[in-house]
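Participant: Mind having a look at this structure? Questions to follow.
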Amino acid sequence: MATRILDEAKRQGATAAEVAAGDSSGLVVSVRKGELETVEFTNDRGFGITVYVGDRKGNASTSDAGPNAIRDTVRAALNIARYTEGDPCNGLADASLMARRIPDLDLHHPWDIDVPRATERAVETEAAGLAYDNRIVNSEGARVATARGCQVYGNSHGFLEAAWGTRHSTSCLMIAADANGMQPEDWYTVSRDPTDLENHVEVGREAARRAVGRLGCRPVNTGTYPVMFAAPVAAGLVSHLLSAISGRALYRRESYLLDSLGRQAASEDITLREEPHRPKGLASAGYDGDGVETRAKTFIDGGVVASYILDSYSARRLGMTTTGNAGGYFNLDVVADTRPVEELVNAMGTGLLVTNLMGQGVNLVTGDYSRGAGGVWIADGEPRHPVDEVTIAANLDDVYKGIVGCGDDIDRRGNIHTGSLLVREMTVAN
């Protein structure tokens, strides 16, 4: 199909073109209070075409892969291109950069599970959470999902590749209550291979444990304290640093890290390394969204900006070469000397362990960071009581340079892999 689409684009007058097509199917089963709530079967197919007429660009997409739809979609993209202002940075990535040897990344592991077995698994997950503690009073249910798909990318350089992959998950949300109110919490497990999923009963118990752990919240005195981001939320903190050194933010001058190559941007204890060819990795890829070969690389080396994160367009805008990151980064590891989380908590003295974040108070232009948070108050190196609805604030430059510890509790459930991160100080306010 991709070849037909590219041929049609050439026939209609495109000077270059690229196509991304996908075909996926899946099953999602949700239960609540021990009863089957929803069953969803998904089956999606479609493609998007980007055409170039000189340095003008247009794109269009459809879920219909018939010959008439291909013709009409290409025509729509070309009509957009012909009436769009040209940009000398538009165009395919250089042909010499196309991936030539695609490694086997072991991403395709279909799960032979039907609705009855998925339902049983979800019911057992929820039941484990409900039975964990008598303060668990309700549930938003449990969910089991499986999906498999094929993603195809091709362009008029002659590059054409397909990548098969699977993704499976089990999740649960529990609600705990005491005299002061209710507290919800969730947990999930996700993997390419169903045999790598966390035990589903433990998923329910962990959701319940986290919900119970939020009961009994008390206020804290406003002040400046050490703040530790638990691993599941630390990934979000790291993502802001990656966004600040990404091409789009840089060429639009919407980053506090403009012209930062070779400059210190984080603690010297922190290195950010990308491993796109990791077997079974949730974000593994042999080529990026431009067809460029992916490779292991370091973005932050000992706190110093070693490389920006660029696709072919942003690289041209900056007068640089693509880093093979069209579509983002692939399996980003926070590399540091890790320590047991209990040791980091003890080292805090008095401060806040953040387990939940709310709001979007992040300004990449100035680096200002202010978000709602919840977690556990630490006093004399020991957990004392839950905390909710406080605000944590600082400048991101100070936050990253002030990282003084990384936990050994690495969370690998997303495309950023990190343990808990201890920051020297931030403002904590009720």
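Participant: As I understand it, the value is the acute angle between the Cα axis of helix 231-244 and the longest principal axis of the Cα atoms of the chain; what does it come to in degrees, rounded to 10?
Facilitator: 40
Participant: What order, most packed first, do the peptides 377-386, 173-182 have when packing is the mean number of other Cβ atoms within 10 Å of each residue?
Facilitator: On the way: 377-386: 15.5, 173-182: 17.1.
So the peptides 377-386, 173-182, ranked by packing, come out 173-182, 377-386.
Participant: Here's something else I'd like to know. For the chain, modelled as a Gaussian network with Cα springs under 10 Å, which listed residue fluctuates most, Asn90, Asn155, Asn43?
Facilitator: So, out of Asn90, Asn155, Asn43, the one fluctuating most is Asn43.
Participant: May I ask you to list the lysines whose Cα is less than 29 Å away from that of Lys297, ignoring any residue fewer than eight positions away on the same chain?
Facilitator: Hits, sequence-local ones excluded: Lys280, Lys401.
Participant: Tell me, what HN-Hα J-couplings in whole Hz come from the Karplus equation 6.51 cos²θ - 1.76 cosθ + 1.60 at θ = phi - 60° for each residue of the range 336-343, using x for Gly and Pro?
Facilitator: 7, 6, 7, 9, x, 4, 4, 5
Participant: A follow-up question, please. For a footprinting-style exposure proxy, rank Cys406, Cys89 by other Cβ within 10 Å, fewest first. Intermediate values should be presented prior to the final figure.
Facilitator: On the way: Cys406 25, Cys89 16.
Ranking Cys406, Cys89 by Cβ neighbours within 10 Å, fewest first, gives Cys89, Cys406.
Participant: Okay, moving on. For the range 2-212, with the dipole built from +1 on Lys and Arg beta-carbon atoms and -1 on Asp and Glu ones, taken about the Cα centre, which of Ala20, Ile49, Pro110 lies farthest toward the positive end?
Facilitator: Value: Ile49.
Participant: How large is log10 I(q)/I(0) at q = 0.11 Å⁻¹ when the Debye formula is applied to the Cα atoms of the chain, each weighted equally and without solvent?
Facilitator: Values, matching the q order: -0.99.
Participant: Still on this structure, I have one more. What are the ³J(HN,Hα) couplings of the range 415-428, residue after residue, when phi is run through the Karplus curve with 6.51, -1.76, 1.60 and θ = phi - 60°? Round to Hz, x for glycine and proline.
Facilitator: 9, 10, 10, 8, x, 4, 10, 9, 9, 4, 6, 8, 7, 10
Participant: Mind checking which of Met98, Gln264, Ile245 is farthest towards the positive end of the chain's charge dipole, using Cβ charges of +1 (Lys, Arg) and -1 (Asp, Glu) about the Cα centre?
Facilitator: Of Met98, Gln264, Ile245, it is Met98.
Participant: Please list the non-local residues whose amide H lies under 5 Å from the amide H of Ile300, H modeled 1.01 Å from N, same-chain partners needing a gap of 5 or more.
Facilitator: Hits under the 5 Å cutoff: Leu272, Ala306.
Participant: I would also like to ask the following. Tilt of helix 67-82 relative to the longest C-alpha principal axis of the chain, in degrees (0 to 90, nearest 10)?
Facilitator: 90
Participant: Taking a ≥ b ≥ c as the square roots of the Cα gyration tensor eigenvalues, with a/c under 1.5 meaning rounded and otherwise prolate when a/b beats b/c, else oblate, which class fits the range 325-419?
Facilitator: Values: a/c = 1.81, a/b = 1.22, b/c = 1.48.
It is oblate, given that a/c is not under 1.5 and a/b is not larger than b/c.
Participant: In square nanometres and to one decimal, what's the mean projected area of the convex hull around the Cα atoms of the range 363-406? Walk me through the numbers on the way to the answer.
Facilitator: Values: hull surface 15.5 nm².
About 3.9 nm², averaged over all directions.
Participant: Is the C-alpha gyration tensor of the range 188-270 telling us rounded, prolate or oblate? Criteria: a/c under 1.5 is rounded; beyond that, a/b larger than b/c is prolate, otherwise oblate. Could the numbers behind the result be given before it?
Facilitator: Details: a/c = 2.99, a/b = 1.47, b/c = 2.04.
Verdict is oblate for the range 188-270.
Participant: Hey, another quick one. 222 nm [θ] for the chain, helices only, -39500 (n - 2.57) per DSSP H run of 4+, per residue, to 500? Mind showing how you got there, number by number?
Facilitator: Working: 9 runs with 95 residues, N = 430.
Theoretical 222 nm ellipticity from helices: -6500 deg cm²/dmol.
Participant: Under a straight-distance cross-link criterion of Cα-Cα below 19 Å, which aspartates and glutamates are reachable from Lys57, leaving out those fewer than 8 residues away in the same chain?
Facilitator: The reachable aspartates and glutamates, counting only those whose Cα sits under 19 Å from Lys57, are Asp7, Glu8, Glu18, Asp72, Glu85, Asp87, Asp94, Asp290, Asp311.
Participant: I'd like the orientation of helix 2-11 relative to the chain: the angle between its Cα long axis and the longest Cα principal axis, in ° from 0 to 90, rounded to 10.
Facilitator: Once rounded, one gets 50 degrees.
Participant: What is the range 2-212 by shape, rounded, prolate or oblate, if you read a ≥ b ≥ c off the alpha carbon gyration tensor as root eigenvalues and call it rounded for a/c under 1.5, prolate for a/b larger than b/c, and oblate otherwise? Could the numbers behind the result be given before it?
Facilitator: On the way: a/c = 2.88, a/b = 2.57, b/c = 1.12.
Because a/c hits 1.5 or more and a/b exceeds b/c, the range 2-212 counts as prolate.
Participant: Something else about it: Can you run phi through the Karplus equation (6.51, -1.76, 1.60; θ = phi - 60°) for the range 54-59 and list ³J(HN,Hα) in whole Hz, with x for Gly and Pro?
Facilitator: Taking θ as phi minus 60°, the curve returns x, 9, 9, 9, x, 9 Hz for the range 54-59.
Participant: Further question on the same structure: Sort Thr321, Thr3, Thr166 so the one with the fewest other Cβ atoms within 10 Å of its own Cβ comes first.
Facilitator: Working: Thr321 14, Thr3 11, Thr166 20.
Lowest to highest Cβ neighbour count: Thr3, Thr321, Thr166.
Participant: Quick check on the exposure proxy: order Val335, Val238 from fewest to most C-beta atoms within 10 angstrom.
Facilitator: Values: Val335 17, Val238 22.
Sorted ascending by nearby Cβ count, the order is Val335, Val238.
FYI, it's all coordinate maths here, none of it is from the lab. Quantities reported herein were computed from a predicted structural model and do not represent experimental measurements. Methodologically, a virtual Cβ is constructed for each residue, glycine included, from the backbone with ideal geometry; neighbour enumeration extends over all protein chains shown.
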